[in-house]
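A quick write-up on the structure given underneath.
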Amino acid sequence: MRTPIIAGNWKMFKTVAEAKALAGEVCQAVAAINQVEVVLCPPFTALTTVKEAIAGSKVGLGAQNLYWEKQGAFTGEVSPQMLEGLCDYVIIGHSERRQYFGETDETVNKKIKAALAHKLLPILCVGENLAQYEAGETVAFVGSQVRGALAGLSAEEVAKIVVAYEPIWAIGTGKNAEAAGANQIIVASIRQTLTALYDESLAQKVRVQYGGSVKPDNIEGFMAQPDIDGALVGGASLKADSFTVLIKGALVKFKG
Ligand code: 13P
């Protein structure tokens, strides 16, 4: 079975002091949980502090973005070289980055390659907007995002990537996708595209998270789905108690 992975995307929330406190609380709360991988993705400013706060625990660390160049005159950007050794994961192509900061499948592809070259595991975000969802374009659109993001990557590289299916209309809206429907979309748009690009064995290896209004009261429904291997969580990851419920919710995979 693919190891479940619950990641907290803290977005542009938490000062350094707040991040330190939250990371400490999460580590304590999940100390006894071994079957679920937990990843915290604080803002860049808090990465070092959170790294210290999680030291000695099994909790992993992720950045929320990177630029693809190693170094240079790119004011305000953070390079893969700067994150190497600091983070385990890096979120790439989040819909907020695509929507507000002009990221495209092409830049997402460059970022994934840069991350892998620096031993960072990409969490690749894909997902349709409301108009595309309503027009029935989800599977074709998400499939095209996956193809664009993975262009030129080997099967060995793709096996390291986590894909997060995050329908834009479900992010931060309280309107989560229906679990079985999300599972179907993940199969049709992500696993089938991976099968077409590589093969079935790779498609079954890659972990796929659902993201978008994941909350304590719906986590088990998502995690009970066979093709959903975890969650990428915004709002409910900002408090230790709700985030802990989500991590425990992933244990439903091991029941029965
Ligand atoms: P919410 O959980 O707040 O809907 O955010 C989801 C998300 O964008 C995670 O990356």
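For the stretch 108-150, filtering for residues that are in contact with a Lys or Arg (Cβ under 9 Å, 6 or more places away or on another chain), of a type outside the set (A, V, I, L, M) and more than 21 Å from Tyr210 (Cβ to Cβ) leaves 1. Suppose we filter Asn109, Asn34 for residues that are surrounded by fewer than 20 Cβ atoms within 10 Å (Cβ to Cβ) and touching a residue at least 12 places away in the same chain (Cβ under 8 Å); which single one remains? It is Asn34. Any chance you could count how many residues in the stretch 114-157 are of a type in the set (Val, Ile, Thr) and part of a helix (DSSP H, G or I)? Of the residues in the stretch 114-157, 4 are of a type in the set (Val, Ile, Thr) and part of a helix (DSSP H, G or I). Of the residues making up the stretch 181-189, one or more are small (Gly, Ala, Ser), buried (at least 16 other Cβ atoms within 10 Å of the Cβ) and within 14 Å of the ligand (Cβ to nearest atom).
Checking each residue in the stretch 211-227 for being crowded, with 23+ Cβ neighbours inside 10 Å and either closer than 14 Å to Leu22 by Cβ or not small (Gly, Ala, Ser) (or both) picks out Val214, Ile219, Phe222, Met223. Exactly one residue among Ala196, Ala177, Ala236 is within 13 Å of the ligand (Cβ to nearest atom), in a helix (DSSP H, G or I) and either in contact with a helix residue (DSSP H, G or I) (Cβ under 7 Å, 6 or more places away or on another chain) or closer than 29 Å to Glu134 by Cβ (or both), and that residue is Ala236. Condition test on Ala63, is it within 16 Å of the ligand (Cβ to nearest atom) and more than 24 Å from Val245 (Cβ to Cβ)? It is true that Ala63 is within 16 Å of the ligand (Cβ to nearest atom) and more than 24 Å from Val245 (Cβ to Cβ).
Rule-based calculations on the coordinates, nothing more; no lab input. Computed from a prediction, not measured in an experiment: that's the story for all the values here. Glycine also receives a Cβ, built like all others from the backbone with ideal geometry; neighbour counts cover every protein chain displayed.
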